[in-house]
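Structure first, commentary second.
The values are calculated or read from the model by the stated rules, or taken from the named source; none is laboratory data. In this text, all values refer to a predicted model and were calculated from it rather than measured experimentally. All Cβ positions, even for glycine, are placed from backbone atoms using ideal geometry, and neighbour counts span all protein chains on display.
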Amino acid sequence: MIRNVVTGRLREPADDAQRARDEAELDAGLAGIAALELPGQLGNHVGRDLRLRDGGWDFAITNDWADAEAYRGYDTDPEHNDHRARIVEVCRSISRVQFEI
């Protein structure tokens, strides 16, 4: 099984209005990722950081895939990439890792 983990930090907004737009865009992208149901998908979770510790990232996405082929299907899925683009647009940093469990 392959676990995919993505974390991100929102960009620094010019003002409160921009922050609100960025957060709305992030939330829409995360909701889109959460709604995906693709072949080989075993689990899919998204969430905003609860700010329980300083220095955390703003959001995380985790999903589990039956195998590398299923993960690659997700990675290249057009709907997934539309949601991913919305998220990336409002982020200054994104981290990604895929590992076998």
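Some notes on this structure:
- Within the range 73-100, considering residues that are out of contact with any Leu (no Cβ under 9 Å at 6 or more places or on another chain) and of a type in the set (Val, Ile, Thr), the one nearest to ALA60 (Cα to Cα): ILE94
- Within the range 1-33, being under 19 Å from THR76 (Cβ atoms) and either small (Gly, Ala, Ser) or touching a Ser or Thr at 6+ places or on another chain (Cβ under 9 Å) (or both) holds for ARG3, ASN4, VAL5, VAL6, GLY29, GLY32.
- Residue count for the range 13-22 under the criterion of being modelled with pLDDT of 95 or more and surrounded by fewer than 14 Cβ atoms within 10 Å (Cβ to Cβ): the result is 6.
- Residues located in the range 29-55, provided they are among the small types (Gly, Ala, Ser) and surrounded by 14 or more Cβ atoms within 10 Å (Cβ to Cβ): GLY29, GLY32, ALA34, GLY40
- Those residues of the range 56-93 which are assigned to a strand (DSSP E or B) and exposed (fewer than 15 other Cβ atoms within 10 Å of the Cβ), in sequence order: THR62, ARG92, SER93
- Listed conditions (1) modelled with pLDDT of 95 or more; (2) farther than 19 Å from ALA85 by Cβ are all met by LEU36, apart from (2).
- Test: residue in the range 37-45 that is touching a Pro at 6+ places or on another chain (Cβ under 9 Å) and either in a loop (DSSP other than H, G, I, E, B) or touching a residue at least 12 places away in the same chain (Cβ under 8 Å) (or both): no
- Selection status of GLU25, surrounded by fewer than 11 Cβ atoms within 10 Å (Cβ to Cβ) and in contact (Cβ under 8 Å) with a residue 24 or more places away in the chain: no
- Residues being among the β-branched types (Val, Ile, Thr) and in contact with a helix residue (DSSP H, G or I) (Cβ under 8 Å, 6 or more places away or on another chain) are represented in the range 84-93 by at least one member.
- LEU30 being within 12 Å of the chain's Cα centre (by Cα), within 30 Å of ALA68 (Cβ to Cβ) and either part of a strand (DSSP E or B) or not small (Gly, Ala, Ser) (or both): yes
- Scanning the range 56-77 for residues being within 20 Å of ALA24 (Cα to Cα) and either at pLDDT below 95 or touching a Phe, Trp or Tyr at 6+ places or on another chain (Cβ under 6 Å) (or both) gives a total of 1.
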